[in-house]
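The values are calculated or read from the model by the stated rules, or taken from the named source; none is laboratory data. Please read these numbers as outputs of a predicted model, since none were measured by experiment. Don't worry about glycine lacking a Cβ; one is built from the backbone with ideal geometry, like all the others, and counts go over all protein chains shown.
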Amino acid sequence: MQTSLLLSSEDKAIEGWEVGFLDKGKRSNWDMYCLGTPIVYSPVKADLAGNIKKIRAVYESNPTKFKTLKNILEVEKEMYGPEWPKTGATLALMWLKRGLKFIQVLLQSLSDGERDEENPNLIRVNALKAYEIALKKYHGWMLQKLFSGSVYALPYKSDLLKALEKGKEVNEEETLEKIHQFLAKATPVLDAIYDMYTKMNAELNYKA
C-alpha cells in the first residue's frame, strides 16, 4: 500500500510510516479494522469518514504544500491565525485521531484478553474502557448518555471477529493475533499524531 500523505519523518519513531486511513481509493488497514466492521455504528462511521474527507480535500488542493500532516497543521496555523486550531483540517484530524484511538484501545483490550467473565462474548467492557480513555472527557452529558445506551447495540465478540475475517470461519486465537499484528503497526502512527498535537499546542479540550 502506498499513499502520498505522510507523517513528518522528523520523528524517528515513525520515519517512513504511512497514514493508511488517508489512502484514497484503497482499502487501508484502518478501514478494514475500523470503518468496515460493526465496532463503528452509523453516526460514528459518518463522523470518521467526514473528517477523513476534509483532511484529504486539503491535501489534494496542493499535494506538494501539504505533503505531511505536520505541513497541514503548520500551514493552517499561519493561515487561520487566532481561529486555529479550531478550524480546517487541523480540527478534523483532532477528532479523527480520537475516534481512531477509541477503536485502537477497544481492539487492544480484546487482544489482551480483557472481558466480562460472566458474559465473555460481549464487548461492552472493552468498549467502555476505550470510551473512557479516548472520548468521554470530550463529550458533554448528552453524548455520554447516548454512548452508554449504544453499548447495548454492539455486536457479540464472535460476530465482530467474523466481520474482521470478512465473514470467514473464525479461529479466535489466529484472529486476535492478526489484530495484535495490526496494532503493532498502527499504534505508533496514532501515537505520533497525538504527540504532534501536543508539541504544536494544537489539542483542544472543549466538550462536544
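Here are the numbers for the structure shown:
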{"item": "Some residue of the range 8-30 being assigned to a loop (DSSP other than H, G, I, E, B), modelled with pLDDT of 70 or more, crowded, with 17+ Cβ neighbours inside 10 Å and not β-branched (Val, Ile, Thr)", "result": "no"}
{"item": "Residue check for THR175: in a helix (DSSP H, G or I), touching a Leu at 6+ places or on another chain (Cβ under 9 Å) and of a type in the set (Ser, Thr, Tyr)", "result": "yes"}
{"item": "Residues being assigned to a helix (DSSP H, G or I) and farther than 18 Å from ASN121 by Cβ - total across the range 155-172", "result": "0"}
{"item": "Subset of the range 136-154 [under 19 Å from the mean Cα position of the chain (by Cα) and part of a loop (DSSP other than H, G, I, E, B)]", "result": "HIS139, LEU154"}
{"item": "Test set (1) modelled with pLDDT of 90 or more; (2) farther than 23 Å from MET196 by Cα; (3) of a type in the set (Val, Ile, Thr) - THR37 fails condition number", "result": "(1)"}
{"item": "Neighbours by Cβ (under 9 Å, 6+ apart or cross-chain): first from the range 179-208, closer than 13 Å to TRP95 by Cβ; second surrounded by fewer than 16 Cβ atoms within 10 Å (Cβ to Cβ) and of a type in the set (Val, Ile, Thr)", "result": "none"}
{"item": "Residue that is farther than 28 Å from THR175 by Cα, touching a residue at least 24 places away in the same chain (Cβ under 8 Å) and hydroxyl-bearing (Ser, Thr, Tyr), where the choices are TYR80, TYR59", "result": "TYR59"}
{"item": "Residue that is in contact with a strand residue (DSSP E or B) (Cβ under 8 Å, 6 or more places away or on another chain) and either under 22 Å from ALA192 (Cα atoms) or surrounded by 13 or more Cβ atoms within 10 Å (Cβ to Cβ) (or both), where the choices are LYS77, LYS97, LYS67", "result": "LYS67"}
{"item": "ALA163 out of contact with any strand residue (DSSP E or B) (no Cβ under 7 Å at 6 or more places or on another chain), at negative phi, of a type in the set (Gly, Ala, Ser) and surrounded by 13 or more Cβ atoms within 10 Å (Cβ to Cβ)", "result": "yes"}
{"item": "Residues of the range 195-208 classified as exposed (fewer than 15 other Cβ atoms within 10 Å of the Cβ), of a type outside the set (S, T, N, Q) and modelled with pLDDT of 90 or more, total", "result": "6"}
{"item": "Members of the range 160-195 that are in contact with a Lys or Arg (Cβ under 6 Å, 6 or more places away or on another chain) and closer than 19 Å to LEU135 by Cα", "result": "ILE193"}
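Residue-wise test of (1) in contact with a helix residue (DSSP H, G or I) (Cβ under 8 Å, 6 or more places away or on another chain); (2) surrounded by 14 or more Cβ atoms within 10 Å (Cβ to Cβ); (3) aromatic (Phe, Trp, Tyr).
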position: GLY140; (1), (2), (3): no, no, no
position: LYS145; (1), (2), (3): no, no, no
position: GLY149; (1), (2), (3): no, no, no
position: TYR152; (1), (2), (3): yes, no, yes
position: LYS157; (1), (2), (3): yes, yes, no
position: LYS168; (1), (2), (3): yes, no, no
position: ASN171; (1), (2), (3): no, no, no
position: THR175; (1), (2), (3): yes, yes, no
position: LYS178; (1), (2), (3): yes, yes, no
